[in-house]
1. Could you tell me the ratio Rg/Rh of region 273-382? Both radii from Cα atoms, Rh via Kirkwood.
2. Going by average Cβ density within 10 Å per residue, which order do the peptides 152-161, 29-38 take, highest to lowest?
3. Translational diffusion coefficient, Stokes-Einstein: compute it for region 38-204 using the Kirkwood radius over C-alpha pairs as Rh, at 20 °C and 1.002 mPa s, and state it as an integer in µm² s⁻¹.
4. State log₁₀ I(q)/I(0) for region 198-319 at q = 0.11, 0.12, 0.18, 0.19 Å⁻¹ as given by the Debye formula over alpha-carbon point scatterers of equal weight, solvent excluded.
5. Just add up the charged neighbours of CYS279: K/R +1, D/E -1, any other residue whose Cβ is under 10 Å from the Cβ of CYS279.
6. Report, by chain and number, residues whose modeled amide H sits under 5 Å from the one on LEU38, excluding near sequence neighbours (fewer than 5 apart, same chain).
7. Scan around ILE350 for amide H atoms under 5 Å from its own, H built in the peptide plane at 1.01 Å from N, and keep only partners 5 or more places away or cross-chain.
8. Identify which of ARG144, ARG216, ARG371 has the largest mean-square fluctuation in a Gaussian network model of the chain, with springs joining Cα atoms closer than 10 Å.
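Please treat every number below as a calculation from the coordinates, not as lab data. Because the structure is predicted, anything quoted here is derived from the model rather than measured. All Cβ positions, glycine included, derive from the backbone under ideal geometry; neighbour counts span all protein chains shown.
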Amino acid sequence: MRFSDAARPELADPRERRTRRQAAEDARARQAAATGELPDWEPLRESGAAIRERTLRELGTHLETLETAVAEEGGRVHWARDANEARRIITGLLPADADAALVRSDVTDELGLEGAEPGPHTKAAVVGAGFLVAETGTLVVTGRGEGLSIPGTLVVVAGIEDIVPDWTDLEVLLQLLARAGAGLPLHPAVATRTGEFELVLVDNGRTKVLADPVGREALRCVHCSACSDVCPVFERTGPRPYGPGRAGPIGAVLTPQVRGVEVSLGASLPFASTLCGACADVCPVKIDIPGLLVHLRGRVVDARRRRPVPNPELLLMRGLAWSMGDERRYEQTVVRRARWARLLVRDGRIRRLPGLLGKWTDARDLPAPPRRSFRAWWRRRG
Ligand code: SF4
């Protein structure tokens, strides 16, 4: 489904919109205070961006280091190409006679995993990783670490990019995450566990994203959600219209790359933005989300051009290009179109255009076209 269609019911609910606006305003105030009080916030962001960029560049090496470290500490690493394979692996690792608790993360949501929160009743748990420290094979989660100390099976799920080479790099990223995301100087609790778990590393389209020299920047994300809190589109629609996977501005650049720009959601998400740039201003690892959206819009247009049957928008653009390619032709087109458009004028305005052009008047009206074009007026004046 296209983003705009999926967003319609959300936009029609004023109570939900009010709640979302209030939550976003509160989050923005907290984050602005936490980042504004730090004199070296900008250098810290630069360091975070550089760490994430370097990690992605050397991802293969860090993943091998992680696999070795986890194995040395008594754990096992499983590789999942896609969401189906990940779900199959996770189900196979869990004991058949116990319901597994779930500690959610973006990647567990991406896989559509469901489960109750861990309690004293818990024998097996699936935990979404915050970070994985490659040098020691350590799982890091922000929070009290529910589920990490269970005596039974612990399955840790992470995207292949959720990796940090070492503890020094982790220290920088945790500071950024706390201030930009939670609006706190530090997370009140950070829990760790080394080895002795089953680690499922999920690709699910990420290597495809890495292969795009421009789009790969999106994988720097440290999941702080600050970009969603400042996004005027997300504030009005909430997360649902972004589909399964990430929501908000980062979802608008990741989902089209993972699912392809040929499907309707992937083709519409790069346009679900005003390109105001607020997301890039707050992103703690300096992802140029507006730049990525423009890049992806280009990919959507290229994909449409390759279709055997052009869509109405492309036909319209080709017609415009043809008429604008010649001065006389352009002038005649303007005169004819203005004559035709005047038939639609009611009380001095055009309130509804027919067909595809109706999208323009869905949200605005147009002034009546003048009887004489600028060029004709200029010629007479000369
Ligand atoms: S892209 Fe968004 S969620 Fe990811 S790090 Fe940047 S601001 Fe945070």
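1. On the way: Rg = 19.4 Å, Rh = 17.6 Å.
With Rg and the Kirkwood Rh in hand, the quotient comes to 1.10.
2. Working: 152-161: 22.0, 29-38: 14.7.
Going by the mean number of other Cβ atoms within 10 Å, highest first, we get 152-161, 29-38.
3. On the way: Rh = 16.3 Å.
Here the translational diffusion coefficient equals 132 µm²/s.
4. Treating every Cα as an identical point scatterer, log10 I(q)/I(0) equals -0.38, -0.45, -0.94, -1.02.
5. Details: positive: none; negative: ASP229, ASP281, ASP288.
Net local charge, CYS279 excluded: -3.
6. Distant-sequence amide H within range of LEU38: zero hits.
7. Those qualifying (amide H under 5 Å, at least 5 residues apart or on another chain) are LEU366, ALA368.
8. ARG371
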